[in-house]
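A short worksheet on the structure shown next.
The values are calculated or read from the model by the stated rules, or taken from the named source; none is laboratory data. Only a predicted model underlies this, so the values are computations on that prediction, with no experimental measurement involved. A quick note on method: Cβ atoms are made from the backbone with ideal geometry, for glycine too, and the neighbour counts reach across all protein chains shown. For accessibility, only protein heavy atoms count, side chains too; no ligands or nucleic acids. Shrake-Rupley method; radii C 1.70, N 1.55, O 1.52, S 1.80 Å.
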Amino acid sequence: MKNYYSFSKSKTPVHYPDGNKFFPVGIAKFGLSGLMLLSSFVLTNRLAAQTTHTVCASGCDFITIQSAINAASPADVIQVSAGNYSGNVTVNKALDIRGANYGINPNTSTRLDESDLNGSFTIVGGLNGVTIDGFRIANSSGNGITLGNSTGSGLINIAIRNNLLENITAGGIVESVANGFTNLTIANNRIDGFGLTANSTAILLYHSGTKTNVNITGNYVRAAETFSAVPSGARGIQLSDAVVGGSISNNTIENVGGAGGDGAFWAILSANGQSNLTIDGNIINNSGGDGIHIWPNSTNPSINVTISNNSINNVGLLGSKNFGRAIYVWSSSSPITNLTISNNTINQDVTPAYAFSLIDLRYRANVNNGPTNVTGNTINLSGTPISDGGNNGLVIRGASGVVNVNDNIFSSLVGANVIPFAVGVLTNVLGVPGAPNIAFQGTLNLKGNFLSGVDGLVTYSTVDEQISGITNNMNINVENNHFGGVTNKAIHSASGTNAINAICNWFGSTDVDFIADNLLAGNIAVTGFLTNGSDNDLTAAGFQPTPGSCEFTWLGNNGTNWNDLGNQKTLVYPNPSNGSFTVLVESTQAYELAKFQLIDISGRIVEQQNETLQNGSTAIQFSRPLNAGTYILEIHTKDGRFKPVQVVIY
């Protein structure tokens with residue numbers, strides 16, 4: 001119903017037979033300027049009136065979709081009834097094009113008879129406001145829906161919704177515009193059977209030009225009914241080149257990445273720069289290559305990217321070492337900043353696959369990377385791996401900045417079987433492509449993780465391990481983690497590197513000598529260990545140790561004879577202390593310029609002094625007021641020897 005206005009003194013509306021109302025408006029009230037503005041409003045309102053053009057085999061305004069489009073004005077509606085239509089349709093004006101199943105999601109609802117198009121839609125560049133909703137597009141000789149053209153302007157306010165695309169020769173919904181998008185929605189479509197042309201993609205947005213506020217959500221993508229039938233190189237969703245804001249969310253992607261093509265396979269890809277992008281709630285089943293693949297380029301960095309709540313099941317099915325990660329984020333030039341990988345579930349059968357690393361983070365040096373947060377993820381390995389292994393939970397390489405790995409689960413246990421060739425968290429393997437010598441550099445904090453049965457052959461050594469790191473320019477802190485079911489090393493650090501700080505972890509045993517001799521290797525500073533492996537909060541992700549279960553029986557620095565520093569005893573006076581106090585250390589050996597670090601129960605260094613350790617008595621004065629409790633006085637010598645001594649302040 002439309003409302004119209006006239007200029008009179010009457011306030012009573014006039015009702016027309018078509019149901020429209022005519023409202024008189026007094027000139028005296030508006031004045032001359034009001035009359036001019038209102039006249040403009042009336043003209044604009046009448047020009048913007050929307051007309052619906054119907055399409056069907058007989059009895060409608062038109063019998064073809066294209067003829068209706070040609071006759072329509074911008075903002076009109078094209079209503080296409082159920083039936084069979086053929087030909088390639090060109091949309092060259094802003095229109096709302098509706099099939100018989102307009103508004104009906106093919107993935108969740110029962111569809112009515114379809115508006116079948118044996119052909120394709122192409123939206124030309126430069127348009128603002130196009131909707132294609134409720135069609136079935138089948139047996140196209142090329143793409144199903146093409147967005148823009150290579151010579152046209154960008155597109156604004158485009159919505160592709162509730163369409164069923166089947167047996168598409170090339171890609172499903174494909175961009176061909178050189179000048180980007182603003183406000184693009186691709187939602188609730190079903191693309192089932194595509195990619196007979198090699199290297200085709202179900203949803204492909206890849207040309208140059210900024211893509212602002214692009215949302216790809218609720219779609220179902222499947223290249224073929226079984227993975228063995230997937231066409232050469234068929235891929236899932238690609239949103240690339242200067243992405244600014246948007247999401248890839250709640251999509252299901254199955255059976256993509258067939259053998260052949262150009263060798264690059266993925267379920268979800270965002271390349272060449274992205275900021276404020278969320279990849280959330282997607283389900284990925286059976287990818288020949290990677291699950292989710294992210295990288296910036298030399299001009300567009302990766303900023304504020306969140307990968308969360310995704311379920312990724314079986315990647316790397318083609319057995320390629322270069323494409324077999326569940327989540328892969330890397331850079332060869334620009335920084336990766338504010339990256340969050342959280343609450344994802346990754347299930348990997350390693351029997352048919354080469355899962356090189358299930359979460360693989362590769363950072364470029366000489367740029368400001370980080371922080372990165374890897375939190376609340378669950379990684380489960382099963383099956384029997386191929387002989388050269390490579391089934392790692394999390395791999396971190398390059399100049400990462402700060403990486404926080406908290407409350408994750410890394411598991412390779414199936415019943416009583418442990419998967420060999422598996423590493424829970426691995427650092428300092430070869431760096432990013434183009435810079436193979438960039439080893440891990442930065443700060444890595446691992447806290448509250450649950451690692452079970454994750455032992456494996458590390459590529460640069462022969463030591464099986466769960467957590468590994470070997471560079472001098474690094475700081476690794478390992479706190480409150482659960483290492484259960486370990487058949488070899490829990491923590492390994494190569495000699496000659498910065499010490500890994502291990503604080504209150506559960507090693508599957510309360511036997512201090514067994515832990516030191518069998519579960520730790522290399523330069524590790526152990527400040528307390530847990531005596532209880534129970535998870536105190538079974539509803540929370542990862543591992544939450546039982547309060548009070550951290551025992552300060554010191555293991556020291558693995559690889560150093562515990563008696564190398566002789567025998568030490570301590571005396572604290574005055575005790576209780578009113579502020580400053582002195583620790584008297586009695587030693588049977590002397591060392592010049594030893595470092596004395598006083599550490600609290602959380603592992604924090606509260607004060608440090610440099611003194612000569614005497615053969616006899618050495619008085620170390622501390623001036624910082626401290627709360628009553630147990631502290632550790634760590635004694636470090638210039639030649640790398642280490643000894644922890646318990647200090648109790650009353």
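Which fully enclosed strands (runs of 3 or more DSSP E) of the range 117-171 have 2 or more residues being among the hydrophobic types (A, V, I, L, M, F, W, C) and closer than 15 Å to Ile203 by Cα?
145-147, 155-161, 164-168
Please state which of the following conditions Ile237 fails to meet, knowing it meets all the rest: (1) open to solvent by less than 10 Å² (accessible area, probe 1.4 Å); (2) touching a residue at least 40 places away in the same chain (Cβ under 8 Å).
It is condition (2) that Ile237 fails.
Each row is one residue, and each column tells you yes or no for (1) more than 15 Å from the chain's Cα centre (by Cα); (2) farther than 24 Å from Ile303 by Cα; (3) not hydrophobic (A, V, I, L, M, F, W, C).
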{"position": "Ile237", "(1), (2), (3)": "no, no, no"}
{"position": "Asp241", "(1), (2), (3)": "yes, no, yes"}
{"position": "Asn250", "(1), (2), (3)": "no, no, yes"}
{"position": "Ile253", "(1), (2), (3)": "yes, yes, no"}
{"position": "Gly258", "(1), (2), (3)": "yes, yes, yes"}
{"position": "Thr278", "(1), (2), (3)": "no, no, yes"}
{"position": "Asn282", "(1), (2), (3)": "no, no, yes"}
{"position": "Asn285", "(1), (2), (3)": "yes, yes, yes"}
{"position": "Asp290", "(1), (2), (3)": "no, no, yes"}
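As an exercise: evaluate Phe62 against (1) open to solvent by 30 Å² or more (accessible area, probe 1.4 Å); (2) under 41 Å from the mean Cα position of the chain (by Cα) and give the number of the one condition it does not meet.
(2)
Filter the range 201-220 down to residues that are open to solvent by less than 10 Å² (accessible area, probe 1.4 Å) and touching a Phe, Trp or Tyr at 6+ places or on another chain (Cβ under 8 Å), then give me how many there are.
Looking only at that region, the number is 4.
Filtering the range 587-626 down to residues that are at pLDDT below 75 and open to solvent by 70 Å² or more (accessible area, probe 1.4 Å), which residue is nearest to the chain's Cα centre (by Cα)?
My answer is Ile601.
Checking Arg325 against (1) open to solvent by 10 Å² or more (accessible area, probe 1.4 Å); (2) assigned to a loop (DSSP other than H, G, I, E, B); (3) not β-branched (Val, Ile, Thr), which single condition isn't satisfied?
Here Arg325 meets the rest and fails (1).
Checking Ser153 against (1) of a type in the set (Ser, Thr, Tyr); (2) crowded, with 24+ Cβ neighbours inside 10 Å; (3) at pLDDT below 95: exactly one of these is not met. Which one?
Here Ser153 clears every test but (2).
Mind listing whichever residues of the range 163-186 are open to solvent by 10 Å² or more (accessible area, probe 1.4 Å) and of a type in the set (A, V, I, L, M, F, W, C)?
Result: Leu164, Ala170, Val174, Ala178.
Anything in the range 221-234 that is open to solvent by 10 Å² or more (accessible area, probe 1.4 Å) and modelled with pLDDT of 95 or more? List them, or say none.
Listed by number, the list holds a single entry, Arg222.
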